[in-house]
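See structure below.
The values are calculated or read from the model by the stated rules, or taken from the named source; none is laboratory data. Predicted model only: the values in this text are computed from it and were never measured. In this analysis, Cβ positions are derived from the backbone assuming ideal geometry, glycine residues included, and neighbour counts consider all displayed protein chains.
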Amino acid sequence: MSRLLVRNARIPGGGETSLAIEDGKITGAGPGVSGGPGAVELDAEGLWVVPGWIDLQVNDIGWLSGGYRDPEVHAGRIREVLNYQASTGVTGCVLATLAAPLDEIIAYLKGMKEVLSGTGSLDDVLLGGLVEGTFMNPEFHGAHNPDWVLPPDPGVLEQLLATGAVKMINVAPETTPEAINLVAEAVSRGVVVGCGHAKPHAECLREAIAAGLSYVIHLGNGPTGSSLKVFNDGGLLQESLRNDQLIATLIVDGYHIHPQLVRDWVCRKEVSRCIGISDAGFGTGAPTEPFELCGMEGEPAADGAYLRVVRSPGEIEMAARTSDAGALFGAAIGMREVFENLLNLFSVEMEGVNIRHHPALPVEESLAAASQMCSANPARLLGAGERGCIEEGARADILLLELEQLGKITLVQQDLDVHFSEFAPHLELAALCQLGQVLHEVAVQFQARQTMHPV
């Protein structure tokens, strides 16, 4: 039996508290909680405590581009990804598949199943797989190879679900008449169905919602179909924003979606219906050199802040004065940056695109909103009730964060004193507990960098 007592931490919106943890579960929460005999005490005075981050879309495209591998080989790589993700504050993640040959996808999912059934110390960081590329609209393939996109097919769905690893799946409901039935079948088998890389009109999307589709995959990216005309009540973007039955995942790296639109869309959908994701292109960190994956060439930006699909000089010249910025190759960030960026957006006054003005929220309220989008909401979408919350009976997946304000929002960590602009809140990951075990405790000095800020 292992016991841990986290003392004097602050919960956003909940005041100061202590947490008693026993055998990986929170057994008590409140100012007067004690840890019991033999409890290891962790003094968290001055630190914020939030649930561990849950990333619903982590890619490992560098690995997957290597072609077919046996499931046990995939399992080894998946554990490497989980180790990396856990070290950054992620306590739950869903690994995405690409548009790729079906046998390669099935082998990868079988590798996930091996991990999901395993007993490794970090195996339960994996929450399942997202089949993203197989049933997308090939016209909206983004950085996926359209040659491997398939029409919605019950037989293919059965092969995918038979692996026992599929937790989420993307279905473009407009592609064939069978698509709506495919949504219903997947939902009946306990799979969370989303829509991305698609262009259904609003009425078609409502049919899919009635069949059980519950969320939109990286709204605004993929790309996302849109129609400003009245016919069929608009497109995917319009219905996603106005339909309260849909949860929207957002890539909050500052490049996939303009920061002003992120704030607008969260305001329109409300925090409770929005989820921040990384859509990290590479499971163990972004590349620093050009790369080729699944027949698609990619490269990092000069400063490494994002990854883009390579375009020819002619394509770049043709688009020089247009709004065509080209496709991005997943994101170059992780959930820590997503959380920081959301905190940054919520805590400053800014103009929007569709909404004229957004007030600055108090830092504590901003922390609570960012935490909800990065922990509670993804757990709720997955039906993982014991994750994404800090309460008695929940998993003891917690993060301790340091945030100091010195006039303007500034991070001061140990002997490192770095001042940023008023638009740049920063967090330092002080400690990570996965099921009550301290895995990471201020092991790496914080490196100064400018986070996303309103333009």
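Listed values, structure above:
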quantity: Selection status of A376, at pLDDT 95 or above and closer than 28 Å to P31 by Cα; calculated: yes
quantity: Only listed residue being modelled with pLDDT of 90 or more, touching a strand residue (DSSP E or B) at 6+ places or on another chain (Cβ under 6 Å) and either surrounded by fewer than 12 Cβ atoms within 10 Å (Cβ to Cβ) or closer than 26 Å to G52 by Cβ (or both), chosen from A331, A305; calculated: A331
quantity: Some residue of the range 108-130 being within 17 Å of A186 (Cα to Cα), within 22 Å of the chain's Cα centre (by Cα) and among the hydroxyl-bearing types (S, T, Y); calculated: no
quantity: Residue match in the range 226-234 (condition: in the same structural domain as Y306 (by TED's automatic domain parsing) and buried (at least 22 other Cβ atoms within 10 Å of the Cβ)); calculated: no
quantity: Filter pass, A332 being assigned by TED's automatic domain parsing to the domain that holds H218, of a type in the set (G, A, S) and either out of contact with any Pro (no Cβ under 9 Å at 6 or more places or on another chain) or under 30 Å from N145 (Cα atoms) (or both); calculated: yes
quantity: Extreme residue, modelled with the lowest pLDDT, among residues of the range 139-161 that are farther than 17 Å from G225 by Cβ and acidic (D, E); calculated: D147
quantity: Residue list for the range 199-240, restricted to those being in contact (Cβ under 8 Å) with a residue 60 or more places away in the chain and either assigned to a loop (DSSP other than H, G, I, E, B) or in contact with an Asp or Glu (Cβ under 6 Å, 6 or more places away or on another chain) (or both); calculated: K199, S214, I217, H218, N221, G222, P223, G225
quantity: Single residue of the range 184-198 satisfying the filter (part of a helix (DSSP H, G or I) and over 22 Å from the mean Cα position of the chain (by Cα)) that is surrounded by the most Cβ atoms within 10 Å (Cβ to Cβ); calculated: E185
quantity: Qualifying residue in the range 18-41 (condition: touching a Ser or Thr at 6+ places or on another chain (Cβ under 9 Å), among the hydroxyl-bearing types (S, T, Y) and either buried (at least 17 other Cβ atoms within 10 Å of the Cβ) or not in a helix (DSSP H, G or I) (or both)); calculated: yes
